[in-house]
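One structure is given below, encoded as structure tokens.
The values are calculated or read from the model by the stated rules, or taken from the named source; none is laboratory data. All values derive from a computational prediction rather than experimental measurement. Using ideal geometry, Cβ is built from the backbone for each residue, glycine included, and neighbour counts are taken over all protein chains shown.
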Amino acid sequence: MADLQTTATVEHNAPGAEHSEPSVFGFNAGGWVALAMLFVFAILLTKKVPAAIAAALDRKIEAIRGQLSEAENLRKEAEALKAEYAAKSAAAEKEAAAMVERARNEAEGLLEKARKDADALVERRTRMAEEKIAAEERAAVQQLRASATEAATRAAAALIAERVDAKADASLVDKAIKELGR
């Protein structure tokens, strides 16, 4: 058998050897393939396969359109949420700025009140110190006057005692009595 194959191979590959293709009912292999293809296409057309494929594709297209529509709606909702949160963020920033401004004004008011209170306290304490100093000065002046009056009285008494004797004393007493009688 190996001899037959080698002979056929040799004859087939031999130069100048003519080769003929096998055929059935006058159709070679290419013709049968073409005929089979026509038969398959005829079956497909009679079973309405292209219409089924088109309907499946149409359903798929409709599903994709629905998904695109849903995606568009989700995008719009996301944009609306983004805008809402942006507005809330802006409002929160504005409110925070207002709170900071109120706190700053309140702090300035408290600081001004503290300054005024401190100034008033310093003024009161200064006034109290000045009044205390003035009272001490008056007391010192009164004490000095009292001391001066006492010293003057002693000095006058000493001078009178030295210069006035009993006779002059009686004349002074008489004179004082006359003045009281007037």
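Quick notes
- Tally of residues being among the hydrophobic types (A, V, I, L, M, F, W, C) and surrounded by fewer than 11 Cβ atoms within 10 Å (Cβ to Cβ) across the range 18-32: 2
- So residue 49, is it at pLDDT below 75 and either in contact with a helix residue (DSSP H, G or I) (Cβ under 7 Å, 6 or more places away or on another chain) or surrounded by 10 or more Cβ atoms within 10 Å (Cβ to Cβ) (or both): no
- If the condition is being aliphatic (A, V, I, L, M) and modelled with pLDDT under 75, then the range 8-44 contributes 8, 10, 14, 17, 24, 44.
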